[in-house]
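S.K.: To start, I am sharing the structure in question, which I have written as structure tokens.
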Amino acid sequence: MTKTRRHLLRTLPVAVALIALATGVGSPASAQKPRFEITPYYGYSFLGGFEIDDYEFGRLDLELDDTSLQGLIVGIPVRRNLHLEFLVNEQETRFGLDEGPFLGAADLGPMDISYYHAGVTWTAPLGQVRPFASFSAGITRLAPDSDFLPETESRFSVGLGGGTKIFLTDHIGLRFDARLLVTSTGDDDLCCYDCCYGGERDDLIQGIVSAGFIFAF
């Protein structure tokens, strides 16, 4: 993740908050109206890992470290309770080879993971506190820095989640989100240590929990 992206994700909430405050603060009841929403968020990823059936070395279990993440959701109202959403999140983690319960995981190096998704979110019309459910699909970018998996890849992925929006004013609220992301890693020839060989890979699965500020207009 570049320093420019980090700086943008960290400073955007402040800029949007100033704009929201400048437009004025009203009653939370109007938060039920269809609104354009911007939600910068921070979260935590877990459950990351996938398996490789390698034709030369046998079955290998690769695990991702749990790590923090940051991202942005942009919601465009389609109907009163339905938003078209665009989501991006980025995380810096490490991956390792699981060698069993007694030896643990051997560290293989860092990996940057980025999700770029579009989807829909249905929100219950319950006033200030509004549960929601969401579905999304898009691209996962896997960028390892390791001889074991040296190539950056972009893979198709889907996400399913839900949570709660809590509107504090007309323009500002909180969003709590839990999401399961599944990335299809495919069956490819794997290359490492200057050699290539056949292999089959299971899907990459990650769980994400996050919290962010909603800025609605």
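The values are calculated or read from the model by the stated rules, or taken from the named source; none is laboratory data. Everything quoted here is computed from the prediction, not taken from an experiment. No Cβ is skipped: glycine too gets one built from the backbone with ideal geometry, and neighbour counts run over all protein chains shown.
S.K.: Would a scan of the stretch 170-181 turn up a residue that is part of a strand (DSSP E or B), touching a strand residue (DSSP E or B) at 6+ places or on another chain (Cβ under 6 Å), under 24 Å from Phe36 (Cα atoms) and among the acidic types (Asp, Glu)?
M.R.: Yes; the residues of the stretch 170-181 include at least one that is part of a strand (DSSP E or B), touching a strand residue (DSSP E or B) at 6+ places or on another chain (Cβ under 6 Å), under 24 Å from Phe36 (Cα atoms) and among the acidic types (Asp, Glu).
S.K.: Then there is this: Quick one: in the stretch 72-90, which of the residues that are under 20 Å from Ser157 (Cβ atoms) and either touching a helix residue (DSSP H, G or I) at 6+ places or on another chain (Cβ under 7 Å) or of a type in the set (S, T, N, Q) (or both) is surrounded by the most Cβ atoms within 10 Å (Cβ to Cβ)?
M.R.: Asn89
S.K.: Taking into account only those residues within the stretch 38-66 that are at pLDDT 95 or above and surrounded by fewer than 18 Cβ atoms within 10 Å (Cβ to Cβ), which is farthest from Val120 (Cα to Cα)?
M.R.: Going through the qualifying residues, I end up with Tyr44.
S.K.: Can you run down the residue pairs with Cβ atoms below 8 Å, 6 or more apart or on separate chains, where the first is in the stretch 34-50 and in contact (Cβ under 8 Å) with a residue 40 or more places away in the chain and closer than 11 Å to Asp65 by Cβ and the partner is polar (S, T, N, Q) and surrounded by fewer than 22 Cβ atoms within 10 Å (Cβ to Cβ)?
M.R.: What qualifies is Ser45/Thr67; Ser45/Ser68; Ser45/Thr93; Gly48/Thr93.
S.K.: Output the residues belonging to the stretch 119-132 that are of a type outside the set (D, E, K, R), in a strand (DSSP E or B) and either closer than 17 Å to Gly173 by Cα or without any contact (Cβ under 8 Å) to a residue 12 or more places away in the chain (or both).
M.R.: Correct list: Thr121, Trp122, Thr123, Val129, Pro131, Phe132.
S.K.: Now a separate question. Collect the residues in the stretch 133-178 that are touching a residue at least 60 places away in the same chain (Cβ under 8 Å) and among the aromatic types (Phe, Trp, Tyr), keeping them in residue-number order.
M.R.: Within the stretch 133-178, Phe167 is the sole residue that qualifies.
S.K.: Can you confirm whether Val120 is modelled with pLDDT of 90 or more, more than 19 Å from the chain's Cα centre (by Cα) and surrounded by fewer than 16 Cβ atoms within 10 Å (Cβ to Cβ)? Can you show your working first?
M.R.: Working: modelled with pLDDT of 90 or more: yes; more than 19 Å from the chain's Cα centre (by Cα): no; surrounded by fewer than 16 Cβ atoms within 10 Å (Cβ to Cβ): yes.
It is false that Val120 is modelled with pLDDT of 90 or more, more than 19 Å from the chain's Cα centre (by Cα) and surrounded by fewer than 16 Cβ atoms within 10 Å (Cβ to Cβ).
S.K.: Somewhere in the stretch 95-108, is a residue surrounded by 15 or more Cβ atoms within 10 Å (Cβ to Cβ), under 22 Å from Ile38 (Cα atoms) and in contact with a Gly (Cβ under 8 Å, 6 or more places away or on another chain)?
M.R.: no
S.K.: Identify the single condition in (1) among the aromatic types (Phe, Trp, Tyr); (2) under 23 Å from Gly48 (Cβ atoms); (3) at pLDDT below 95 that Phe167 does not satisfy, given that it satisfies every other one.
M.R.: Among (1) among the aromatic types (Phe, Trp, Tyr); (2) under 23 Å from Gly48 (Cβ atoms); (3) at pLDDT below 95, the lone unmet condition for Phe167 is (2).
S.K.: What single numbered condition from (1) modelled with pLDDT of 95 or more; (2) on the phi > 0 side of the Ramachandran plot fails to hold for Thr140?
M.R.: Exception for Thr140: condition (2).
S.K.: Could you tell me whether the stretch 184-198 includes any residue that is under 21 Å from Thr67 (Cβ atoms), modelled with pLDDT of 95 or more, surrounded by 16 or more Cβ atoms within 10 Å (Cβ to Cβ) and of a type in the set (Val, Ile, Thr)?
M.R.: Narrowing the stretch 184-198 to residues under 21 Å from Thr67 (Cβ atoms): 185.
Okay, now just the ones that are also modelled with pLDDT of 95 or more, so none.
Looking for residues that are under 21 Å from Thr67 (Cβ atoms), modelled with pLDDT of 95 or more, surrounded by 16 or more Cβ atoms within 10 Å (Cβ to Cβ) and of a type in the set (Val, Ile, Thr), one finds none in the stretch 184-198, hence no.
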